[in-house]
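Structure, as structure tokens:
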Amino acid sequence: MVLEVHEIHTYYGQSHVLFGVSLDVAQGEVVCLLGRNGAGKTTTLRSIMGLTPPRSGRIRYKGGEILGLPPHQIARRGIGFVPEDRCIFPELTVWENLEVGRKNGRAREQQQLWTVERVFKLFPQLRAFQNRLGGSLSGGEQQMLTIARTLVGNPELILLDEPSEGLAPVVVQALFDQLMNLKREGLSILLSEQNLGFATALGDRVYIIEKGEIRYRGTTAEILENEAVRTAYLTV
């Protein structure tokens, strides 16, 4: 397994938010973490990234323990994080935003490295806007920029937090197509999503989280066949 999360308990101050969350991601796999707003999806990704460190449990990446490491060290080991709020630099150009994220990769072969030119091929809209300020981009363009900035850091695993939220359907479809390309490239992805159709079309397996606990795990085909589980944990 590329990522193994075992029985993590995470708190915000004295508030206990995650209760023994366990999940894993294999090499080249897209795993979806589903749940309603406030269920604990974002906290799970932040816990893995070291932004909200768990108080107990284990998090192993490529066989090595990363629980307790600061976020920059986790990133250097090969995990990229695409936050829900995107966190681009609005006063920097698209090109400058990408340069901020660029670092040497850990890919085995040079042709596997994500360069600025390569992400422009994946996101051709960004090439046209490379001299435009990040703050002037639309929501969909900012989402593409955030993913592109993460890719030029050459991660082997990406944590994607609610990438389709707030985007127009046509933009969501374009984003889906680009993420499918990343899947074909063999990139491992842990995807937090509320959009069931988006997640199940992209993912291989799903976990459902509710009130900080994993309530269901299975393949995407199994969750689509299980209306009772979808009704219990995913409908609003």
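Close Cβ contacts (under 9 Å, 6 or more residues apart or on different chains) running from residues in the stretch 63-87 that are among the hydrophobic types (A, V, I, L, M, F, W, C) and at pLDDT 90 or above to residues that are assigned to a loop (DSSP other than H, G, I, E, B) and loosely packed, with under 15 Cβ neighbours inside 10 Å comprise Ala75/Lys103. For the condition modelled with pLDDT of 90 or more and either among the basic types (Lys, Arg) or not assigned by TED's automatic domain parsing to the domain that holds Leu45 (or both), Arg106 does not qualify.
Within the stretch 45-100, the only residue that satisfies the criterion of being surrounded by fewer than 16 Cβ atoms within 10 Å (Cβ to Cβ) and of a type in the set (Ser, Thr, Tyr) is Ser56. Answer yes or no as to whether Val100 is more than 21 Å from Ile189 (Cβ to Cβ), in a helix (DSSP H, G or I) and aliphatic (A, V, I, L, M). When the stated conditions are applied, Val100 passes them. Taking the criterion of being farther than 20 Å from Thr10 by Cα and crowded, with 17+ Cβ neighbours inside 10 Å, the residues of the stretch 207-228 that qualify are Thr220, Ile223.
Taken over the stretch 179-199, the residue count meeting the criterion of being in contact with a helix residue (DSSP H, G or I) (Cβ under 9 Å, 6 or more places away or on another chain), crowded, with 20+ Cβ neighbours inside 10 Å and polar (S, T, N, Q) is 1.
The values are calculated or read from the model by the stated rules, or taken from the named source; none is laboratory data. Here the structure is a predicted model, which is why all the values come from computation and not from measurement. Because the Cβ atoms are built from the backbone with ideal geometry, glycine has one as well, and the counts that use them run over all protein chains shown.
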